[in-house]
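Let me begin by presenting the structure, written as structure tokens, before commenting on it.
The values are calculated or read from the model by the stated rules, or taken from the named source; none is laboratory data. Everything numeric in this text was worked out from a predicted model, so none of it was measured. Note that we place each Cβ from the backbone using ideal geometry, even for glycine, and neighbour counts take in every protein chain shown. In case anyone asks, the SASA skips ligands and DNA or RNA and just uses the protein heavy atoms, side chains included. Shrake-Rupley method; radii C 1.70, N 1.55, O 1.52, S 1.80 Å.
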Amino acid sequence: MNFDKIKRSITQSVLDVKNAPFVREMRKACANMYRLGWDERNGGNVSYMLDEKELEKYLDTSEYIREIPMGFKAEKLAGKCFLVTGTGKYFKNVDEDPENNLGIIKIAPDGETARLLWGWEDGGRFTSELPAHLMSHMSRLSVDSENRIIMHTHPTNLLAMTFVHDLNEREFTRTLWRMITECMVVFPDGIGVLPWMLCGNNEIGEATAEKMKEFRLVVWANHGIYGAGKTMDEAFGLIETVEKAAELYLKIAHLPVKNTITDAQLKIIADGFGLKAKEGWLDL
Ligand code: 2HA
Ligand code: ZN
């Protein structure tokens, strides 16, 4: 045993993976998402790209428990480590039982195999939406090297809105921008929208990742939403704001509107915060 290994084994007896700050963030996020009613049963999934140096404080990243084939290639992520929610697992249970509901994987050099470093103690595996997650990580990293989180969930009001609103992404975003003054501040870059597609496969993963090159938010019509962020708070905050705006939309959609936020006012908000609304999405 070399010195590093001895040091790590001593530290590990003190530092428990399930209480590492990044695992705590994931436990808290899943608990909040469940509490908000966004993640019924096994709905939703989250992936968090970890800093390997930080992870090494808790476990030996060169040793793995088992290998799990991913069914797609993510060469650009070879060697990267992710904390991921498990397939068939309930967000409701993540906080009290992280070792069975979460896993930490390291993408093998072939880019097609996930090496399990920790978690899924009951023999479980990563979310069925791993293709959409890892492909979206690659897209976001290509435009923002600091992106770490991809979050998928089923927010109730947003889902309802996809049944009754035009799915044109410019119109969908503009409606939401008008619902709360804060929306322009939170997502001036707009929201991408995909039509209904079958979930859990590479095709929807590729379509989501394509949109993620342009947007941090991608709606899956009649299903849910994907959000991306540098931090758990950023991804969560984006989705939370969209969901609140969708709730307002549903409360007023059937009523005669007497006051609204105009496009000129949306521009004032963007200017006031030093932001730029997505090019061509305001009618000025
Ligand atoms: O894994 O949300 O999209 C549960 C889902 C699938
Ligand atoms: Zn889903």
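A quick yes/no check of all residues on (1) over 21 Å from the mean Cα position of the chain (by Cα); (2) more than 14 Å from ligand 1 (Cβ to nearest atom):
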| residue | (1), (2) |
| --- | --- |
| 106 | no, yes |
| 123 | yes, yes |
| 126 | no, no |
| 134 | no, yes |
| 137 | no, yes |
| 140 | no, yes |
| 143 | no, yes |
| 147 | no, yes |
| 152 | no, no |
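Of all residues in the range 30-50, those that are within 13 Å of ligand 1 (Cβ to nearest atom) have Cβ atoms under 6 Å from Cβ atoms of residues that are open to solvent by 10 Å² or more (accessible area, probe 1.4 Å) and assigned to a helix (DSSP H, G or I), 6 or more apart or on another chain, in 34/92. Filtering the range 128-138 to residues that are open to solvent by 10 Å² or more (accessible area, probe 1.4 Å) and farther than 15 Å from residue 105 by Cα leaves 135, 138. The set of residues in the range 210-231 being part of a helix (DSSP H, G or I), of a type outside the set (Lys, Arg) and open to solvent by 10 Å² or more (accessible area, probe 1.4 Å) consists of 210 alone. Within the range 232-252, identify whether any single residue is in a loop (DSSP other than H, G, I, E, B) and out of contact with any Leu (no Cβ under 6 Å at 6 or more places or on another chain), and answer yes or no. For the range 232-252, residues in a loop (DSSP other than H, G, I, E, B) and out of contact with any Leu (no Cβ under 6 Å at 6 or more places or on another chain): absent. Here is a check on your reading of the model: is residue 206 more than 16 Å from ligand 2 (Cβ to nearest atom), at pLDDT 95 or above and closer than 22 Å to residue 70 by Cβ? Judged against the criteria, residue 206 is a match.
Scanning the range 154-166 for residues that are open to solvent by 10 Å² or more (accessible area, probe 1.4 Å) and among the aliphatic types (A, V, I, L, M), we see that the one that is farthest from ligand 1 (Cβ to nearest atom) is 164. Please determine whether any residue of the range 241-257 is open to solvent by less than 60 Å² (accessible area, probe 1.4 Å), at positive phi and more than 14 Å from the chain's Cα centre (by Cα). Scanning the range 241-257, I find no residue that is open to solvent by less than 60 Å² (accessible area, probe 1.4 Å), at positive phi and more than 14 Å from the chain's Cα centre (by Cα), so the answer is no.
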